[in-house]
Amino acid sequence: MLTKITFFERFEQDILSGAKTITLRDEAESHVFAGQILPVSTFEADRWFCDIKVIEVVPVLFSALTEQHAAQENMTLPELRRVIHEIYPGLEQLFQIRFCVVNTRAHPVD
Ligand SMILES: CC(=O)Nc1ccn([C@@H]2O[C@H](CO)[C@@H](O)[C@H]2O)c(=O)n1
C-alpha cells in the first residue's frame, strides 16, 4: 500500500489550484484506496506541498484515454498521451487515481 505519492514539480500549481484532479499511474503505484489521505511531495526535491484524499481508483487503458481524462489533467489529449508515454513507455494498463486536495499547510491552524 502506498503511504505517500510524488508528482513532478511542474504539476504542483495545477494540483493546488484544483485544475488537475486525477493522476494516471502504473500498477505499482495503484495500491491506494478511497478515503485514504496521502502526503504529496515533489519528485525532484521530495518537498511536501499538500495532502490529497483519494476519491476513487479505476483501471484505464492507455488506448482508451479520452478528452475527459485529459481535461481532468488540465491537458489536451495529445499532451496527456505524450506525457504518459514519456513516464511509462509502452505501458497499456494504467490506473486513474481521482483525488482532492485536503491540506496545504504542514501545521494547519483551525
Ligand atoms: C513523479 C513520479 O514519481 N511519478 C509521476 C507519475 C505521473 N505523474 C503525472 O500523473 C499524470 C499521468 O501520469 C501526469 O500528469 C503525470 O505527469 C507525475 O506527476 N509523477
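Annotations for the structure displayed:
- Here LEU65 fulfils each of the conditions (1) among the aliphatic types (A, V, I, L, M); (2) under 21 Å from GLU92 (Cα atoms); (3) more than 10 Å from the ligand (Cβ to nearest atom) apart from (3).
- Failed item in (1) more than 15 Å from ASN103 (Cα to Cα); (2) open to solvent by less than 40 Å² (accessible area, probe 1.4 Å); (3) near the ligand (Cβ under 9 Å from one of its atoms), with LEU2 passing the rest: (3)
- Across region 11-31, the qualifying residues are those that are near the ligand (Cβ under 8 Å from one of its atoms) and closer than 19 Å to GLU56 by Cβ, and the one among them that is farthest from the chain's Cα centre (by Cα) is GLU29.
- Condition met for GLU56 (open to solvent by 50 Å² or more (accessible area, probe 1.4 Å), closer than 13 Å to ILE97 by Cβ and in contact (Cβ under 8 Å) with a residue 60 or more places away in the chain): no
- Taken over region 63-91, the residue count meeting the criterion of being open to solvent by 40 Å² or more (accessible area, probe 1.4 Å) and within 21 Å of PHE8 (Cα to Cα) is 14.
- Test result for PHE8, under 11 Å from the mean Cα position of the chain (by Cα) and loosely packed, with under 12 Cβ neighbours inside 10 Å: yes
The values are calculated or read from the model by the stated rules, or taken from the named source; none is laboratory data. Bear in mind that the values here come from a model prediction, so they are computed numbers and not experimental data. We place every Cβ from the backbone using ideal geometry, glycine too, and count neighbours over all the protein chains shown. Accessible surface areas use protein heavy atoms only, side chains included; no ligands, DNA or RNA. Shrake-Rupley method; radii C 1.70, N 1.55, O 1.52, S 1.80 Å.
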